[in-house]
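Engineer: First the structure, which I've put down as structure tokens, then a few questions once you've had a look.
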Amino acid sequence: MEGGDVPRAAAASDATPPDRLGLELAQLRHSRGMTGQALASSVGISQSTISKIENGLLRPSPADVDRIARTLQAPPDLVRHLVDLAERLQSTAARRGPRRRAAGVETRRQGMSLDQEEILDAEREATLIREFEPILLPGLIQISEYARRVVNGYHRITIGGDEGAWYQRTAEKVSLRIKRQNLLYDATRRFEFILMESVLGNRFAPPEYMIAQIKRIATVAELENVTVRIVPSSAELEYPHVQGFTILDDSLVVVETLEATGYSHPDQVRIYAKIFEEYAELTAPDLHEILARYTRNYAELLAPRRPAIADPATTRTAANTAPAAADPTPGDDLTPPRETAAPG
């Protein structure tokens, strides 16, 4: 099947917009005889993301759709059509909020995949954002280099291959993550972050960047609408901490797995809210003391190693007990010792 002859799934009038876009992309891929894994590697995204896009479970960005369509050698008019569908989806989401509002009870209980744009949509609506992180720093307070290294590591596992294959994808995700941080400066919103102390010790970046990252935490914590608290490593835990999660108001929980999953059922939201409250009771009273300690630790890693200074008393003892050195032998190495030298 050639070029513009590719049938468009948009003819199915009962399909939702994400379904229409996904079906058209799936048909285009099948017409080219390319597997989902091959397409994912060529485009620079994970195979699971391709699958979710094609099944209408994930709303792709217009840039992603453009890249997918061009990789599949779609004719220009079809590329424009698919990108236009993606732009309309994005515009609709901005007006109505994320798809979770239309989700059924079972979907809300079991969770649904969310992309970064959908999380941003939900955050725009929320006035109270609570986030718990046991492993890495929240995206809302990451510096760009820390974020880049985290996203790169994720892509290395999920996509693989040469970094050049997903460099642009990383740049887009980091840019979007930094864009989300503008919300912190909206005084009508309230943010509460709880971190396990181990987060500060997990080195996702070299020491100099970790120092800058810790400084960023301290700066954000000074905002009147932001609270940052740390559960010290000395705290006695009653149960293992779960994955990182974010509670948006009392309506949505975003759980960080390989693909972000959203839960909007009241029972699920209530459970995560209780977990958040219990960890809040374990946090240390002095945030800055902990931050200062880790800043010193990373600074020590950057300090040049000084040669060990010998103990004078030990040096004197060693000198007194060492055997006397022989007199230097005149001449070069071929000169025999005095007692064995040939007579003149």
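The values are calculated or read from the model by the stated rules, or taken from the named source; none is laboratory data. Note that the structure is predicted; figures quoted are calculated from it, not measured. Note: ideal-geometry Cβ built from the backbone for every residue, glycine included; neighbour counts use all protein chains shown.
Engineer: Among D84, D162, which is the only one that is closer than 23 Å to E24 by Cα, surrounded by fewer than 17 Cβ atoms within 10 Å (Cβ to Cβ) and at pLDDT 70 or above?
Structural biologist: D84
Engineer: Output the residues belonging to the stretch 258-307 that are over 30 Å from T158 (Cβ atoms) and polar (S, T, N, Q).
Structural biologist: T283, T295, N297
Engineer: Also: Looking only at the stretch 178-224, count how many residues are in a loop (DSSP other than H, G, I, E, B) and surrounded by fewer than 17 Cβ atoms within 10 Å (Cβ to Cβ).
Structural biologist: Matching residues across the stretch 178-224 total 10.
Engineer: Let me ask something additional. With the condition kept exactly as written, say whether any residue in the stretch 123-142 is among the hydroxyl-bearing types (S, T, Y), modelled with pLDDT of 85 or more, touching a strand residue (DSSP E or B) at 6+ places or on another chain (Cβ under 8 Å) and over 18 Å from A171 (Cα atoms).
Structural biologist: Yes - at least one qualifying residue is present in the stretch 123-142.
Engineer: Turning to a different aspect of this structure: For the condition closer than 23 Å to Y279 by Cα and at pLDDT below 90, what is the one hit in V242, V253, V226?
Structural biologist: None of the others qualify; the one that does is V242.
Engineer: While we're here: Could you check how many residues of the stretch 52-90 are of a type in the set (S, T, N, Q) and either touching a Leu at 6+ places or on another chain (Cβ under 6 Å) or within 15 Å of S42 (Cβ to Cβ) (or both)?
Structural biologist: Here the count works out to 2.
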